[in-house]
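J.: Here it is, the structure in full.
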Ligand code: NDP
């Protein structure tokens, strides 16, 4: 059987006193056994990162950027191999992984490798004296990842963190531990000194031990809202900085002047890409009454044509859910949809002709805001469609949720598009598209869906602290003799 490894101080470490299995969502087979980090290994990872970070921070941003840009090129060279490994671990279709997951990580490394040399502080004129500000790194940061985009999440955290002069300790989800350690040798070949990027495996207890450790300065978590609350509480003991990318129940609003074809395409991407296992998905689809039936008709026809099957087959559009347990939770959610009175238009069941955790793309229509399926994140291929009449009504209904990750608006009236988006309580919004996440654009949430931003210039703020320096050019004016 394959054994996976931690990546610590530039080396693979597979020895451990306990292991867990990484299971294929398709075959149920064990893909690899994975070592669990014990207390000694965590100490080794943190002290190695601390030692490496000081010298790394002392390099010029240009020098650090060069390493990240080289890592981006190397990552692209490994795209196919890593995409296949990601597919094995997550069950997502190869037609997605080979053009999104790894390449988005490479884009992120290239972006921060490019912009970091342009980061500058301010000079503040104080008359006879002056002050200036410097953006300085925090030290050793911790990244904790979810299972839906494992390597992309690792890169989205590593790139701004390292560019700013920090070290990163990354703990992948136990469900998908295989690709993050593969970044280690890529960084090493690119010239990143050992210790700056460490990968440690383990469960929530390992994550908690890291969050509580005094050697960690900041935590960036991608995960569920409840995990965010626990991590925030644990980080409060030492007042660590936190960045959270958490769950959502985002609205996608389709006005009756929208291009119907585009609106349907975006709704499908917003619900069925990666089998619906995407935090920012537009799972509450509000459709203006005049185009409601036409929208549903085209949506249903196109959804029923989606190809479910072997994730490694390039024709497959819907892969396997992450696990049998998760499939059960998605199926239970669909049960609640039916018993709660929503109209099941298509799907709602596992794809029983296939071995593995495959679930049919599902559409519920005539949904009402109070229904369980309209209020809770399902994290599977389940779309809830509901009619609306007026702009004011739909804004109020869209905002009526504790979540605030993302939102979309489809309309040919761009003034309305901007007006509505400005009124929506969501950190990431799209007009006439959905789920497009270029690295240049900050990504993050309002309300309980998270705090802080990934990507864009804003992520650098999350990995740095500002130092103000006052410079005296004259004598000290002393009130004392
Ligand atoms: P979880 O919150 O269950 O886990 C996320 C990570 O946190 C895992 O590595 C997990 O370890 C770890 N963890 C769990 N409990 C603790 C703890 N007490 N202290 C420290 N670490 C802990 O999320 P999932 O992996 O199930 O991912 C799905 C969720 O992630 C969904 O809600 C989704 O919306 C959200 N998500 C948000 C994104 C965003 O950008 N906003 C993007 C992707 C997903 P282990 O798995 O080993 O238990």
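J.: In the stretch 314-336, what residues are out of contact with any strand residue (DSSP E or B) (no Cβ under 6 Å at 6 or more places or on another chain), surrounded by 13 or more Cβ atoms within 10 Å (Cβ to Cβ) and assigned to a loop (DSSP other than H, G, I, E, B)?
T.: 316, 317, 319, 320, 322, 323
J.: If you scan the stretch 375-393, which residues turn out to be surrounded by fewer than 17 Cβ atoms within 10 Å (Cβ to Cβ), out of contact with any strand residue (DSSP E or B) (no Cβ under 8 Å at 6 or more places or on another chain) and assigned to a loop (DSSP other than H, G, I, E, B)?
T.: Matches in the stretch 375-393: 376, 390.
J.: Next up: Looking at the stretch 107-139, which of its residues are surrounded by 16 or more Cβ atoms within 10 Å (Cβ to Cβ) and either under 26 Å from residue 78 (Cβ atoms) or within 16 Å of the ligand (Cβ to nearest atom) (or both)?
T.: Those that are surrounded by 16 or more Cβ atoms within 10 Å (Cβ to Cβ) and either under 26 Å from residue 78 (Cβ atoms) or within 16 Å of the ligand (Cβ to nearest atom) (or both): 107, 108, 109, 110, 111, 112, 113, 115, 116.
J.: Shifting gears a bit: Kindly establish whether residue 294 is farther than 28 Å from residue 21 by Cα and buried (at least 23 other Cβ atoms within 10 Å of the Cβ). Spell out how you get there, then give the answer.
T.: Details: farther than 28 Å from residue 21 by Cα: yes; buried (at least 23 other Cβ atoms within 10 Å of the Cβ): no.
So residue 294 does not fit the description; no.
J.: In addition: Among the residues of the stretch 255-282, which ones are in contact (Cβ under 8 Å) with a residue 40 or more places away in the chain and part of a loop (DSSP other than H, G, I, E, B)?
T.: Once the filter is applied, which keeps residues that are in contact (Cβ under 8 Å) with a residue 40 or more places away in the chain and part of a loop (DSSP other than H, G, I, E, B), the stretch 255-282 yields 255, 257, 258, 259, 277, 278, 279, 280, 281, 282.
J.: With the requirement that a residue be near the ligand (Cβ under 10 Å from one of its atoms) and in contact (Cβ under 8 Å) with a residue 12 or more places away in the chain, what does the stretch 233-242 give you?
T.: Taking the stretch 233-242 as the starting set, the residues that turn out to be near the ligand (Cβ under 10 Å from one of its atoms) are 233-235.
Across the stretch 233-242, the qualifying residues are 234, 235.
J.: Same structure again: Does at least one position in the stretch 414-424 carry a residue that is modelled with pLDDT of 95 or more, touching a helix residue (DSSP H, G or I) at 6+ places or on another chain (Cβ under 6 Å), closer than 20 Å to residue 367 by Cβ and surrounded by fewer than 19 Cβ atoms within 10 Å (Cβ to Cβ)?
T.: Checked the stretch 414-424: no residue is modelled with pLDDT of 95 or more, touching a helix residue (DSSP H, G or I) at 6+ places or on another chain (Cβ under 6 Å), closer than 20 Å to residue 367 by Cβ and surrounded by fewer than 19 Cβ atoms within 10 Å (Cβ to Cβ).
J.: What tally of residues in the stretch 89-106 results from selecting those that are surrounded by 23 or more Cβ atoms within 10 Å (Cβ to Cβ) and in a helix (DSSP H, G or I)?
T.: Summing the residues that are surrounded by 23 or more Cβ atoms within 10 Å (Cβ to Cβ) and in a helix (DSSP H, G or I) in the stretch 89-106 gives 7.
J.: Cβ-Cβ under 6 Å, sequence separation 6+ or interchain: first residue in the stretch 219-230 and over 22 Å from residue 140 (Cα atoms), partner near the ligand (Cβ under 6 Å from one of its atoms) and at pLDDT 95 or above. Which pairs?
T.: The qualifying pairs are 224/247; 225/246; 225/247.
J.: Now, a different point. Would you list the strands (runs of 3 or more DSSP E) that sit entirely within the stretch 394-481 and hold 2 or more residues that are under 22 Å from residue 255 (Cβ atoms), in contact (Cβ under 8 Å) with a residue 24 or more places away in the chain and away from the ligand (no atom under 12 Å from the Cβ)?
T.: 406-410
J.: If residue 149 meets every condition in (1) closer than 25 Å to residue 50 by Cα; (2) buried (at least 24 other Cβ atoms within 10 Å of the Cβ) apart from one, which number is that one?
T.: It is condition (1) that residue 149 fails.
J.: Of the conditions (1) more than 8 Å from the ligand (Cβ to nearest atom); (2) farther than 21 Å from residue 432 by Cβ, residue 259 satisfies every one except a single condition; which number is it?
T.: It fails just one condition, (2).
J.: Among residues belonging to the stretch 186-214 that are surrounded by fewer than 18 Cβ atoms within 10 Å (Cβ to Cβ) and closer than 25 Å to residue 67 by Cα, point out the one that is nearest to the ligand (Cβ to nearest atom).
T.: Once the filter is applied, the top-ranked residue is 189.
The values are calculated or read from the model by the stated rules, or taken from the named source; none is laboratory data. The shown structure was predicted, so the numbers you read here are calculated from the model rather than taken from an experiment. Cβ coordinates were reconstructed from backbone atoms using ideal geometry, including for glycine residues, and neighbour counts include every protein chain displayed.
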